[in-house]
1. Identify all residues within segment 32-77 that are of a type in the set (Asp, Glu) and either outside any helix (DSSP H, G or I) or within 16 Å of the chain's Cα centre (by Cα) (or both); write none if there are none.
2. Quickly run through segment 1-31 and pick out the residues that are closer than 19 Å to Arg58 by Cβ and small (Gly, Ala, Ser).
3. Under 9 Å between Cβ atoms, at least 6 apart or on separate chains: pull out the pairs that start in segment 15-37 with a residue that is polar (S, T, N, Q) and end on any residue that is in a helix (DSSP H, G or I).
4. Taking only pairs six or more apart or across chains, which ones have beta-carbon atoms under 8 Å, a first residue in segment 39-64 that is free of Cβ contacts under 8 Å to residues at least 24 places away in the same chain, and a second residue that is among the small types (Gly, Ala, Ser) and not in a helix (DSSP H, G or I)?
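Nothing in this text is a laboratory measurement; each read-out follows from the coordinates by a stated rule. All values reported here derive from a predicted model rather than from experimental measurement. Neighbour counts are summed over all protein chains in view; Cβ atoms, including those assigned to glycine, are modelled from backbone coordinates with ideal geometry.
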Amino acid sequence: MKAMQSTMVYLTAEQKSGLAKRAQQRKTKVAAEIRSAVDAYLAGATPQELELLDAATRRAREEIDAMIRTADQILASHQAFLREMRRLRKGRAP
């Protein structure tokens, strides 16, 4: 991580509470949210682009979660199949 330099920024009460809420939702710190916003500003990202990116990220996360649930179901089915195969083999004569 790059060396940090301290700076003082004056925010309105609404800005501060909004940052705190966002940081809590994202499990980050307010300072990290401010750095992220500054990075986006310096990169030239518009608020609309950031909203689109956030929406795409949320959608991707939902789809990944759905894939994980499907994989878990397939795994459970596969494990049940293997248990049944082992049970049937035990009952068979050598």
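1. Of everything in segment 32-77, those that are of a type in the set (Asp, Glu) and either outside any helix (DSSP H, G or I) or within 16 Å of the chain's Cα centre (by Cα) (or both) turn out to be Glu33, Glu51, Asp54, Glu62, Glu63, Asp65.
2. Gly18, Ala23
3. Thr28/Arg22; Thr28/Ser36
4. Final answer for the pair search is Leu53/Ala45.
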